[in-house]
1. Compute the orientation-averaged projected area for region 2-63 from the convex hull of its Cα atoms and round it to one decimal in nm².
2. If packing is taken as the average number of other Cβ atoms within 10 Å across a peptide's residues, how do 190-196, 268-274 rank, most packed first?
3. Would you list which lysines come within 22 Å of LYS118, measuring only between C-alpha atoms, while excluding same-chain residues fewer than 8 positions from it?
4. So for the pair SER36, GLU84, with labels modelled 7 Å out along Cα→Cβ, what separation do we get in nm?
5. Given R₀ = 30 Å, what would the calculated FRET efficiency be for ARG9 paired with ASP326, taking r from the Cβ atoms and rounding to 0.05?
6. For the chain, just the Cα atoms, rotate onto the principal axes and tell me the three extents in Å, largest first.
7. If I model a spin label as a point 7 Å beyond the Cα along the Cα-Cβ vector, how far apart are those points for TYR244 and LYS200 in nm?
8. To test your reading of the geometry: what angle, between 0 and 90 degrees and rounded to tens, separates the Cα axis of helix 315-332 from the longest principal axis of the chain?
Amino acid sequence: MIIVVKQQREQKQFDNLVKWIKSQGLEIDISNGSHSTVLGLIGDTTKIDIDLVRSLDIVEDVKRIQEPYKCANRKFHPDDTIVEVCGKKFGGDNFQFIAGPCSIESEKQIIEVAEAVKAAGATFLRGGAFKPRTSPYAFQGLRENGLGLLLKAKAETGMPIVTELMSVKHLDLFKDVDIIQIGARNMQNFELLKEVGKVKKPVLLKRGLANTVEEWLMSAEYIMSEGCKDVILCERGIRTFEPYTRNTLDLSAIPLLKELTHLPVIVDPSHASGLSRLVKPLSLASVGAGAHGLMIEVHNDPPHALCDGAQSVKPEQFEDIVKSVDVMLPIVGKVRGQW
Ligand code: PEP
Ligand code: MN
């Protein structure tokens, strides 16, 4: 349920309303938008008499929310959520590039790539330390050591870092990570989502391999209902019948999500296609569809990458993508994050 409160109101009446809602065992998400204040009621609202609330002087409107996601719902929070990380913003008119290798392979590799993508315009460095691989015999990432190297690259370049958490037992190792990534394979690992929500660090939530938009938003809800409001959604392609590409980029999800949720939406064109030559066109299509950012796999030596070489672009290709995106951004009314 949402309660839209009049702009002209007495503070005391407002405080009394908030107190009464809480006394009903409900939590409240207060969104002070530019045009109205919206109280989002979280919990079992079946006992609330909607007509009684509507009759209050300070209440403009009351609506029951049909969708099962509440905190993530645009109706709860009409304005875009801006997720600010180390002074860089996701959401609204802001656009950010997250770039880096699929996995951290060595100190030289991660620092070389970090310096190159930073110079080209990336504001965040990505790199997997704990890798979710289909085969247990494939490279699993450098794990703790990889995280150490990523932190070193952060210290040397000043770039905030994004890396995937696969298990609650590694959470302590992630205290200096700026954005915790929840990968496609863990989008519905509900225990992991709950624990991540408690940490109150920004979370990059990738779409599951074969999950609907509503299931994805329900996963965001798991994180948000634990108190973390800084969730960034990342469309990374879904599984379809098409074998030419690794996945199929669901471009429609971007404008659709903008209607359904206030959370920022970015796109990973690398995992969406699996082919480096498709990364640029899919990046531009994503910008056109309204994405708030791109996460792109960049490797200094793709043919020898230990993971996802075929979809990794070289630093110079990344630079070319940034330049083309820059041409499009004024058309879609966005501004790229700068150093
Ligand atoms: C990744 O970004 O490193 C990754 C494994 O992606 P996904 O979870 O989307 O497959
Ligand atoms: Mn990868």
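Coordinate-derived values only; no laboratory data. Worth saying up front: this structure is predicted, and the values here are computed from it rather than measured. Methodologically, a virtual Cβ is constructed for each residue, glycine included, from the backbone with ideal geometry; neighbour enumeration extends over all protein chains shown.
1. Convex hull of Cα atoms, orientation-averaged projection: 3.8 nm².
2. Output ranking for 190-196, 268-274: 268-274, 190-196.
3. Hits, sequence-local ones excluded: LYS88, LYS89, LYS108, LYS152, LYS154, LYS280, LYS314, LYS323, LYS334.
4. In this crude spin-label approximation the distance works out to 2.7 nm.
5. Approximately 0.10, to the nearest 0.05.
6. The Cα atoms of the chain stretch 67, 44, 43 Å along the principal axes, largest first.
7. 5.0
8. 30
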